[in-house]
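Scroll down for the structure; my scribbles are underneath it.
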Amino acid sequence: MIFQQLFDTKSSTYTYVIASRVGREALIVDPIFELVEIYISLLDRLNLKLVKALDTHIHADHITGLGALRDITKCITVMGERSGAEVVSMRVKEDEIVDVDGIRLRTVYTPGHTDDSYSYVMNDRVFTGDALLIGGTGRTDFQNGDPYASYDSLFNKLLKLPSETMIFPAHDYKGDTVSTIGYETKHNPRLQVENAEQYAEIMNNLKLADPKMMDIAVPANRALGKSIDKFVRPGESLTVEEFRKQCASENVIMIDLREKHERLRDGWIPRSLHIPYPEIEEQAKSGGILDQIICDHPNCVIFYCAYGERSAMALDTVRSAGYAGLRHLAGGMAAWSKSGGDIVFG
């Protein structure tokens, strides 16, 4: 397995690049904007294709690299379902799996530092964001933080993991790179409490200054995804009502780009076919399923996904492959559901 831990000295942020081996698909956790070129260089050097970029929460001390990585690589952006980001490709719920080429991360909702904090468990390690740090825990005094929620996330979720589980946080300020659940349980000073009240007393009296970048980083990170229209040309984006009218035609082919677990969880639009977004480039090649569909139904194919991000990128991908006349549903399945559109389960 490839596991690269990168560090930004300005924000004391750790970013993680993970892949099964050289030449395969990759996942990145908590990237920052300033280091995007370094990430791309690393990916190129290892011949890795970035498939998913994940943030553990809305960061207050740096601008996320998710948007820039998406724009460069057309990767899927991932955050927890409670994220305050306006647009991401995929939102995951507790106990759902983020899967990239056999690398599987189980989602754990760990609020407290913020109300949208998630941790991700991967066999022998856990990416804790700011929920659990090495020798500390994430502050709870902004972005709807809550010391009691933090206590619950720590003592009833993270510290229940096997003691040998390695901890890889989003930040460290002392030069530490890794710890374990067992070590933190015994030695982390903020965890040496008998109850939630004692923990809250500690957290409520930290008296820390606000992060220097907070007024810039939080709004920018919440606006993640607003630039997705750069992938869409005039006439390629359909509103829900325009999409509904198109669906009335028997000639229209609707293609759902979401992953299987999203379809099972949220249902799908009647009559739509399923081609997961990561397969679009391959299936658009000569002889591929999408190639055949487009050739058989010119100007009749409409993509949709969860929120409109993957479908916008798919338009750009097939356009680059020489196809024209495809469109997508702006706002995706979320907009369709909100409008009361028919949904199929089963």
Query - Residue list for the stretch 195-234, restricted to those being within 23 Å of THR77 (Cα to Cα) and of a type in the set (Lys, Arg) - result: ARG222, LYS226, LYS230, ARG233
Query raised in the report: Among the candidates ILE228, ILE216, which residue alone is surrounded by fewer than 19 Cβ atoms within 10 Å (Cβ to Cβ) and either assigned by TED's automatic domain parsing to the domain that holds ARG139 or over 18 Å from ARG139 (Cα atoms) (or both)?
Result: ILE216
Query raised in the report: Among the residues of the stretch 126-179, how many are farther than 21 Å from ASP210 by Cα and either of a type in the set (A, V, I, L, M, F, W, C) or in a loop (DSSP other than H, G, I, E, B) (or both)?
Result: 19
Requested in this report: Can you tell me which residue within the stretch 212-240, out of those that are charged (D, E, K, R) and in contact (Cβ under 8 Å) with a residue 24 or more places away in the chain, is farthest from SER272 (Cα to Cα)?
Outcome: LYS212
**Report entry** Residue check for ALA60: outside any strand (DSSP E or B) and under 11 Å from the mean Cα position of the chain (by Cα)
**Finding:** no
**Report entry** Residues being of a type outside the set (Asp, Glu) and surrounded by 24 or more Cβ atoms within 10 Å (Cβ to Cβ) - total across the stretch 119-140
**Finding:** 12
Query raised in the report: Is at least one residue of the stretch 52-65 touching a helix residue (DSSP H, G or I) at 6+ places or on another chain (Cβ under 9 Å), surrounded by fewer than 24 Cβ atoms within 10 Å (Cβ to Cβ) and over 27 Å from ALA330 (Cβ atoms)?
Result: yes
Requested in this report: Can you run down the residue pairs with Cβ atoms below 6 Å, 6 or more apart or on separate chains, where the first is in the stretch 128-142 and of a type in the set (A, V, I, L, M) and the partner is surrounded by fewer than 21 Cβ atoms within 10 Å (Cβ to Cβ)?
Outcome: ILE134/ASP172; ILE134/ASP176
Report summary line: Here the residues within the stretch 303-336 that are over 20 Å from the mean Cα position of the chain (by Cα) and free of Cβ contacts under 8 Å to residues at least 60 places away in the same chain are PHE303, VAL318, SER320, ALA321, GLY322, TYR323, ALA324, GLY325
Query raised in the report: outside any loop (DSSP other than H, G, I, E, B), closer than 17 Å to LYS245 by Cβ and modelled with pLDDT of 95 or more: does that describe ILE280?
Result: no
Report task. Identify the residue in the stretch 12-48 that is of a type in the set (Gly, Ala, Ser) and surrounded by fewer than 21 Cβ atoms within 10 Å (Cβ to Cβ) and, among all such residues, is nearest to ASN221 (Cα to Cα). Result -> SER12
Requested in this report: Evaluate the following for PRO270: is it touching a helix residue (DSSP H, G or I) at 6+ places or on another chain (Cβ under 9 Å) and either at pLDDT 95 or above or not in a helix (DSSP H, G or I) (or both)?
Outcome: yes
Query raised in the report: Is it the case that ARG104 is free of Cβ contacts under 8 Å to residues at least 40 places away in the same chain, part of a strand (DSSP E or B) and surrounded by fewer than 24 Cβ atoms within 10 Å (Cβ to Cβ)?
Result: yes
Query raised in the report: Is it true that some residue in the stretch 269-278 is free of Cβ contacts under 8 Å to residues at least 24 places away in the same chain, surrounded by 16 or more Cβ atoms within 10 Å (Cβ to Cβ), not assigned by TED's automatic domain parsing to the domain that holds VAL100 and not acidic (Asp, Glu)?
Result: yes
Query raised in the report: Out of curiosity, is THR107 in contact with a strand residue (DSSP E or B) (Cβ under 7 Å, 6 or more places away or on another chain), assigned by TED's automatic domain parsing to the domain that holds PRO147 and β-branched (Val, Ile, Thr)?
Result: yes
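The values are calculated or read from the model by the stated rules, or taken from the named source; none is laboratory data. Note that the coordinates shown come from a computational prediction; the quantities given were computed from them, not determined experimentally. Methodologically, a virtual Cβ is constructed for each residue, glycine included, from the backbone with ideal geometry; neighbour enumeration extends over all protein chains shown.
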